[in-house]
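One structure is given here, and the rest of the page talks about it.
Readers should treat all values here as calculations from the given coordinates under stated rules, not as data from a laboratory. Owing to the predicted nature of the structure, the values given are computational and were not obtained by experimental measurement. Reconstructed Cβ throughout: ideal geometry from the backbone, glycine too, with neighbour counts over all protein chains shown.
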Amino acid sequence: MLVITIIGILAGIAVPMYRNSVIRAKEAALKEDLFLMRDSIDKYYADNGEYPAALEAIVSKKYIRAIPVDPFTGSEEWGEVPPDEGAGVFDVKSLSAVPGSNGVPYNEW
């Protein structure tokens, strides 16, 4: 009976820690994906003098190999933010409105 109680206590501690580590890993992947795509968009702009018409343009011009999968939506669809003036993709964001561990929704990162 004592062994079962100890195992139950340890499992009660381990499960929340596991869930938090999975969320932190997804958040780290999201930050890295956003950084890489934003960096690729900036390089595209520096080379061509205009923003890409769509995210696929940075793939076709070999700025990145592929559009990454959003770790929270599980999709290659990203929110494309146009520049204040003109057309194209100035910025990208996640389409997930779930609040992150810092309280800010992922689509505002």
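Of the residues making up the range 82-101, those that are more than 11 Å from the chain's Cα centre (by Cα), surrounded by 14 or more Cβ atoms within 10 Å (Cβ to Cβ) and either among the aliphatic types (A, V, I, L, M) or closer than 13 Å to Asp33 by Cα (or both) are Val89, Asp91. A count restricted to the range 44-79 and to residues that are among the charged types (D, E, K, R), outside any helix (DSSP H, G or I) and either buried (at least 18 other Cβ atoms within 10 Å of the Cβ) or free of Cβ contacts under 8 Å to residues at least 12 places away in the same chain (or both) stands at 4.
One residue is enough: does the range 24-41 have a residue meeting the conditions free of Cβ contacts under 8 Å to residues at least 12 places away in the same chain and either touching a Leu at 6+ places or on another chain (Cβ under 9 Å) or more than 20 Å from Asn107 (Cα to Cα) (or both)? Checked the range 24-41: no residue is free of Cβ contacts under 8 Å to residues at least 12 places away in the same chain and either touching a Leu at 6+ places or on another chain (Cβ under 9 Å) or more than 20 Å from Asn107 (Cα to Cα) (or both). Taking the condition over 15 Å from Lys31 (Cβ atoms), touching a residue at least 12 places away in the same chain (Cβ under 8 Å), in contact with a Leu (Cβ under 7 Å, 6 or more places away or on another chain) and not charged (D, E, K, R), does Gly86 pass? No: the conditions fail for Gly86.
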